[in-house]
């Protein structure tokens, strides 16, 4: 019989994926459930009529928070993710 503790995470946004990673690192058997077809939450995307729309840009706007999570998990975000600068980062039209 498996004696590992189990955790269930509802939602696969970036915060909950990070929580699942921390729990798994501590030895938990983790299951993640997401209602949408893909994970990501505000960092996800949707496609409609052949166009792709990003649902948020928090990883670009708050990279220090993501670096902290990667670091706490023993990883280097800059080595794990390939990024490039965009100018401007985004434009808003009303």
Let me have the relative contact order for the chain, percent, based on Cα pairs under 8 Å that are six or more residues apart. 20 percent
Separation in nanometres of the label points that stand 7 Å from Cα toward Cβ, at residue 87 and residue 25: 3.5 nm
Inter-label distance, nm, simple model (7 Å from Cα along the C-beta direction), residue 73/residue 54: 1.9 nm
Within a Gaussian network of the chain (alpha carbon springs, distance under 10 Å), most fluctuating of 11, 44, 74: 74
Using the alpha-carbon atoms, what tilt in degrees (0 to 90, nearest 10) does helix 63-72 show relative to the longest principal axis of the chain? 20 degrees
So what's the Cα pair-distance distribution over the chain, bin width 5 Å, in %? 3, 11, 17, 20, 19, 14, 8, 5, 2, 1, 0, 0
Relative contact order for segment 1-55, counting Cα pairs under 8 Å that sit 6 or more residues apart, in percent: 34 percent
Within segment 6-80, what percent of beta bridges assigned by DSSP are antiparallel, to the nearest 5? 40 percent
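FYI, it's all coordinate maths here, none of it is from the lab. Not measured: the values here are computed from a predicted model. So basically every Cβ, Gly included, is an ideal-geometry build from the backbone, and we count neighbours across all protein chains shown.
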